[in-house]
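Heads up, the thing below is written out as structure tokens.
The values are calculated or read from the model by the stated rules, or taken from the named source; none is laboratory data. It should be emphasised that the depicted structure is a prediction, and the values quoted were computed from it without experimental measurement. Positions of Cβ are generated from backbone atoms using ideal geometry, with glycine treated the same way; all protein chains shown enter the neighbour counts. What goes into the accessible areas is simple: the full protein's heavy atoms, side chains included, and nothing from ligands, DNA or RNA. Shrake-Rupley method; radii C 1.70, N 1.55, O 1.52, S 1.80 Å.
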Amino acid sequence: MSLARAIATVGSFTLLSRLVGFARDIVLSAVLGSGAVADAFFVAFKLPNFFRRLFAEGAFSAAFVPLFARELHDGGRAEALAFARQAQAALLVVLVPFTVLLILAMPGVMAVLAPGMRDDAPTFAMAIEFGRITFPYLLFISLASLYGGVLNSIDRFAHVAATPILLNLTLIGAVLGLTPFLPNSGYAAAVGVAIAGILQWLWLLVACARDAVGMRLVRPRWTARVGRLVKLATPVAIGGGVQQISAVLDVVWASLLPVGTISALYYADRIAQLPLGVVGIAIGTALLPLMARELRAGQTASAMANQNRAIEYGLLFSLPAALALWQLAEPIIRMLFEHGRFGPEDTLRTASALAAFAVGLPAFVVVKALTPGFFAREDTRTPLYIAMAAITTNIVLNVVFLYGTTLAQVGIALASSLSGWLNAALLAAVLLRRGQWAPDSRLGSRTVRVVIATLGMGAGLWGALVALGPLLAHANLAGIAALLGICALGGLVYSALGALLGVVRPSELRYVLRRQPGLKPADPGEQP
């Protein structure tokens, strides 16, 4: 499958998942609000999600996919599948006792994760209870992530990309259906998370069986392949999830601020995650197995060309998305969430955080396109060192913003964005120095054109905001219609300028619909 087609497949299902996720967050904001129950649930939900992104989707996936690609290339599907089953056994040996230990130690874990909550005993007690209910989600979603790595490596992207939809639908059903029977809506949401993990695991387990890569249980054994997997995964576990570590640090800082700050950052991050998920995660998911196969086959030029196209696609969508989120932060939050227990003050607090998160959106997307350049070469240590530098910068900036300014939640979000830019810059610098990435003329030319089209779109959005400002001040049908109209205008302006400047050509759109082994390197004589 071509890189563009794979990105389109993953991105389209991810977009659907994010739209369902918006519905989920609208329900959560209306039922949970932005108070103590919401803060306790979001802290609890953050914990298994952090370990999932850091270990299962971060470290384990980054290490597993290149090794699985090597087994496919060298030994065929049977050998690759045997390795995947060994990896599953190793994962269970680690995750089962780890899950039990964290559930038992939840009071201490919450004291570290949200130290500011200890001053509010009822909220802290709820966070502990919610954490114990939600944490088994880690076990099931980690297994699902392993199955996803197997399916992605054999170019089966659709089922994996659709998996998060189950979480969103289950949470909506749990909050609406179980809240009347439980002490509060936070308990219902926590139970929904646990059920969703089981459903996602079963969904991909059946998908693997259907594609003849059934993941049956085998006896755990320490082999050279498992040892190599652990060796590659360990550095990524420490540093590959810089964004996730920053997100957890955000909770720690936010717990020291007034009630509602944690919820505001959560809702803002959810909006910012839409373009990151649709574009950034889709790029990383599609690029890693493709680059791993090409580098294993000695197709270095093709791998580098694919990485340039991944960066190009990332900037094509993330730059206009970042500017639009920055300009439209307040009306977006108002129309989506200002209902029920979510009031105008919550809107202002959340919108300011969203604008700050938008600053780092292009950087986070570019990171998703750059890290496969290391992981596909089985180099997991370099991203570790770079991530450590970015994490340190994030901590320093948070201290400066929280204690040296009055930025509050804006400072927390801005620190994450700036550390993301540092992460992207350092990754690019190392790849350039090693000669493992060289931006081609097409990437440079189209980046300039994307920037021009984005600025033109921003001017159009500014004019529309001035004209429709009174309508956007209220979360009603007129306000929603005005916001949708502004978004449509921005899309039309950007598309028109993109077509005029040659950002995307019709032939390339047709290419997305064709199955190819990978993008060819750019012809030296082709005009960018």
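Rounded, prolate or oblate: which fits the stretch 298-438, taking a ≥ b ≥ c as square roots of the Cα gyration tensor eigenvalues, rounded meaning a/c under 1.5, else prolate when a/b beats b/c? Present the calculation step by step, with values, prior to reporting the outcome.
Working: a/c = 3.34, a/b = 1.76, b/c = 1.90.
Here the stretch 298-438 falls in the oblate category.
If you roll a 1.4 Å probe over the heavy atoms of the protein chains, what accessible area per residue do you get for the chain, in Å²?
On the way: 20660 Å² over 528 residues.
For the chain, the solvent-accessible area averages 39 Å² per residue.
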Separation of alpha-carbon centers, the stretch 472-502 and the stretch 175-240, rounded to whole Å: 38
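Compare the peptides 147-157, 166-176 by average per-residue count of other Cβ atoms within 10 angstrom and give them in order, highest first.
Working: 147-157: 22.7, 166-176: 20.7.
For the peptides 147-157, 166-176, the packing ranking is 147-157, 166-176.
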Residue 295 - accessible surface, heavy atoms, 1.4 Å probe, Å² rounded to 10: 40
Accessible area of residue 47 in the full protein assembly, 1.4 Å probe (Å², nearest 10): 10
Gain on full stretching of the segment that runs from residue 119 to residue 341 - 0.36 nm per residue minus C-alpha separation: 77.6 nm
FRET E, pair residue 478, residue 101, Förster distance 51 Å, beta-carbon r, rounded to 0.05: 0.45
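On the accessible surface of the chain, probed at 1.4 Å, how many percent belong to carbon and sulfur atoms? Spell out each step's value before the answer.
On the way: 14400 of 20660 Å².
Exposed carbon and sulfur together represent 70 percent of the surface.
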Accessible area of residue 452 in the full protein assembly, 1.4 Å probe (Å², nearest 10): 90
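When the helices in the chain are scored as -39500 (n - 2.57) per DSSP H run of 4 or longer and the sum is shared across all residues, what 222 nm value do you end up with, to the nearest 500 deg cm²/dmol? Please list the in-between numbers first.
Working: 21 runs with 417 residues, N = 528.
Calculated at 222 nm, the ellipticity per residue is -27000 deg cm²/dmol.
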